[in-house]
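Below is one structure, written out as structure tokens; comments come after it.
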Amino acid sequence: MSIVLGLVLAAIAVLLVALPFLREPVAADDRLAVPDAEEDRRRELLEDRDRALAALKELELDHRAGKIDDADYRELIGPQRREAAAALRALQRRYGSEMAAFETPDLPPEPTPPPDEGSPPTPVPVPEPYPPPDEATIPQE
Amino acid sequence: MADLGRAALVVSLGLSVYALVAGATAAITNRRRLATSARNALFCCFGSTLVAAVVLASALVRHDFSFTYVAQHTNRTLTTPYALSAFWGGQEGSLLLWLLVLTGYGSLAVALNRKLLRDLTVWVVPVLAGIGTFFAFVLVAVASPFGTQTAPLDGNGLTPSLQNPYMVAHPPMLYLGYVGLSIPFAFAAGAMLSGRTDERWIVATRRWTLAAWAFLGFGQLLGAHWAYVEVGWGGYYAWDPVENAALMPWLAATAFLHSVMIQERKGMLKVWNMVLVALAFELSVFGTFLTRSGVVNSIHSFSKSPIGSWFLAFVVISTVFSLALIMWRLPLLKARTKLESALSREATFLYNNLLLVALCLTVLWGVLFPIVTQVFKGETRTIGRPYYDFFLRVFGLPLLLLMGIGPLIAWRKASFRGLVKLLAWPIAVSILCGVALVLVGAGSSKPGLIAYTFSSFVLATIVLELVRGTRAVGSVFTLISRNRRRYGGYVVHAAIVLLAIGIAGSSAYGTSTRARLTPGQSVSVAGYTLSLRDVRRTQVPNATETRAVFDVGGRWHGTLSSGDNQYIFPPEPSREVGIKTSWARAEDLYVIADDVNVKTHVVFVQVLVKPLVNLIWVAGIVFLLGAGIALWPDAREQRRLVTRLAPARV
């Protein structure tokens, strides 16, 4: 009995393993769909976008939470926003505005900014939360 | 039914060999149907291994002693849960569990990622199949759980110390952790083999790594509690080689979980992450080798067996394979950015990584030392507790401190001024805590004092983070649910702090005394007085129980008994300790009656008072909670990933 069950098990396994060949004895195209260079580039740009936006979101949250003071925030936000804008611009240029759209990060309304202490050289206003997808227009160079 | 089990394992071996060869051929020659066929073979391999596992489990439950394995590890007195726990109580069964979990995990991981990561999974299948082939081969040719014999009337029974609820859960938990580390390893290897070393393998395996790490961590705590209540020497971790075998991959995986965030965030440390994921996997197999081979002396290890050399060969081959892959793909693993400042979040993660890996390698050296001395000097020299304790302090205390500093520092670079401002409150809290501890007499142990001060610092930073974050977003629920990885991580940090407090309290501030007592005599320790009331021996089914009964007075009034059980099947002794936990005083009274003489009524007793030891077990629950928060799926993140990873629309 056990031997029979073992043989049945082996037969089922062979059947399932051979299934792709039984379904398609002659395949029109048997090549694996490996992403091409264009798809790799697209994914890379999306990765850059997500990375930059996540960094921006965290910086924003940390600033609102008081973990990063205004002076440090001003120093950090510039390069971070430039990175995010560059990533979105690159996506928009290549794939149009639909691909550059993204979800808003659900931050609450902006609190009143702290009073300006001194006069920083290029005062960067505290940015609004990310625009919703339909408003994601990126300034062109 | 043993024939069915054997046949199922042979089928598993055949399928895994096929998945390895056909999968590699399909990936190299770019053939779609062959790749699907190899993937199906991996799925079927899980199915046939499941059949083998069901056969063994049903034999254990039915007490079918015609299975040699069942007769060796169970007897008729065992209840069903303990009979089932014999599945992993013996060598062959635990290897079958390895293969079952590996093929199950592997099939699920491949099935979930086969569409979004089709170019990676085509390589992941042969890597997983390669690991599966090894385990299936060992089970078929070297250590089969389906050996048969003429059934005896009863079996040998399960080792008494394994007849404990913790032993029902602890080994499978460790296996889920050990084997779980195969998944990130297989995807990392798949990424390197396919030449696509972007971040998709990390994204795909993030939760697998986290789950494996959580299982491994929680499994170790379950094991520690088992040792505390069952082994009965008064401790919970003895730096035993087999205990270290689980700690090492956990440390490597902890380092990986942190450094992978830097890669996701900055595109840095790609080589380092590959090394860490390979290290974590190799250490998990090495741990299994340590446990199975009998190469080291441990209360946990199985007796010397022929599978040790096979495991060693597998560890060597897979290590060479991993290193060769990393060397081959070095040009693809170049960092996209550089570290901008030594005072930044990524820098603290790097320091944390260096400390974790240093601790891991230190423990590895301690484990290897007896083997090295045996090979080169012909005599086995072991490294004792002082070695491990020293390095735990050297690397562990700075790690604890970094756990507080790291989350507060900004990415890219932080200003010293800003950091001082941020750390002002936590530093003030820790100084106050340190002064208070000195005033109450905790200055007797410098490492203990430092550990408590650092712990208060970390707790203060976590509380501050939660308060500030909640203030920023409006509610703690919103804060955590929208930043699960981050705040789940903080909860895990809180668990590590509880663990550190528990370890420091019970080891640095514990009290212990030994005494020889006869009825009526008493011993006092840390405000407790124990009087020996009686010595008695009773016969229960399958064991003779010898107990010394103590009346306890002073800080707690009641009765505690301790002694030993002499089992009939198997004929082994088991030490039984008396423990009284006081949650109000946050301490345990722990009584070990070492030698109970029923004729002379003389008892040699050791009494320990272990402050804060229970925080270690509380830490386990908090750890699980934190891991659960970090693991909980985030619909927003999933949608973003699907957009990113889905093949482009044509």
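The values are calculated or read from the model by the stated rules, or taken from the named source; none is laboratory data. These numbers were taken from a predicted model, which means no experiment stands behind them. Using ideal geometry, Cβ is built from the backbone for each residue, glycine included, and neighbour counts are taken over all protein chains shown.
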Checklist entry - Of all the residues that make up the range B:62-78, how many are within 28 Å of the chain's Cα centre (by Cα) and closer than 20 Å to B:ASN542 by Cβ? => result 5
Checklist outcome for this item: Here the qualifying pairs (Cβ atoms under 9 Å; residues six or more apart or on different chains; first in the range A:1-29 and facing chain B (nearest Cβ under 7 Å) and among the acidic types (Asp, Glu); second surrounded by 12 or more Cβ atoms within 10 Å (Cβ to Cβ) and in a loop (DSSP other than H, G, I, E, B)) come out as A:GLU24/A:ASP30
Next on the checklist: Just checking: which of the helices (runs of 4 or more DSSP H) contained wholly in the range B:110-200 hold 1 or more residues that are within 14 Å of chain A (Cβ to nearest Cβ)?
Outcome noted: B:118-137, B:182-194
Next on the checklist: Taking the criterion of being among the aromatic types (Phe, Trp, Tyr), over 26 Å from B:PHE454 (Cα atoms) and either assigned to a helix (DSSP H, G or I) or out of contact with any Pro (no Cβ under 8 Å at 6 or more places or on another chain) (or both), would at least one residue in the range B:543-554 satisfy it?
Outcome noted: yes
Next on the checklist: Let me confirm something: among B:ALA83, B:ALA57, which residue is of a type in the set (A, V, I, L, M), within 27 Å of B:ALA543 (Cα to Cα), at pLDDT below 95 and not in a loop (DSSP other than H, G, I, E, B)?
Outcome noted: B:ALA83
Checklist entry - Can you name the residue in the range B:203-240 that is within 14 Å of chain A (Cβ to nearest Cβ) and either of a type in the set (S, T, N, Q) or surrounded by fewer than 22 Cβ atoms within 10 Å (Cβ to Cβ) (or both) and, of all such residues, is farthest from the chain's Cα centre (by Cα)? => result B:VAL203
Checklist entry - Among the candidates B:THR373, B:THR362, B:THR461, B:THR453, which residue alone is within 14 Å of chain A (Cβ to nearest Cβ) and part of a helix (DSSP H, G or I)? => result B:THR461
Checklist outcome for this item: Taking the range B:30-39 and keeping only residues that are within 17 Å of B:ALA186 (Cβ to Cβ) and either free of Cβ contacts under 8 Å to residues at least 40 places away in the same chain or at the interface with chain A (Cβ under 7 Å from one of its Cβ atoms) (or both), one is left with B:ALA35
Item to check | Matching residues, the range B:205-236, being in contact with an Asp or Glu (Cβ under 9 Å, 6 or more places away or on another chain) and free of Cβ contacts under 8 Å to residues at least 60 places away in the same chain | outcome: B:ARG206, B:GLN220, B:GLY223, B:ALA227
Next on the checklist: Step by step: first the residues of the range B:573-616, then only those that are among the hydroxyl-bearing types (Ser, Thr, Tyr) and closer than 30 Å to B:ALA494 by Cα, then the one that is surrounded by the most Cβ atoms within 10 Å (Cβ to Cβ). Which residue is that?
Outcome noted: B:TYR590
Item to check | Search result, residues across the range B:275-293 that are more than 14 Å from B:THR209 (Cα to Cα) and either among the β-branched types (Val, Ile, Thr) or more than 13 Å from the chain's Cα centre (by Cα) (or both) | outcome: B:VAL275, B:GLU282, B:VAL285, B:PHE286, B:THR288, B:PHE289, B:LEU290, B:THR291, B:ARG292, B:SER293
Next on the checklist: If the requirement is being at the interface with chain A (Cβ under 7 Å from one of its Cβ atoms), buried (at least 21 other Cβ atoms within 10 Å of the Cβ) and among the aliphatic types (A, V, I, L, M), which of these qualifies: B:ALA7, B:ALA27?
Outcome noted: B:ALA7
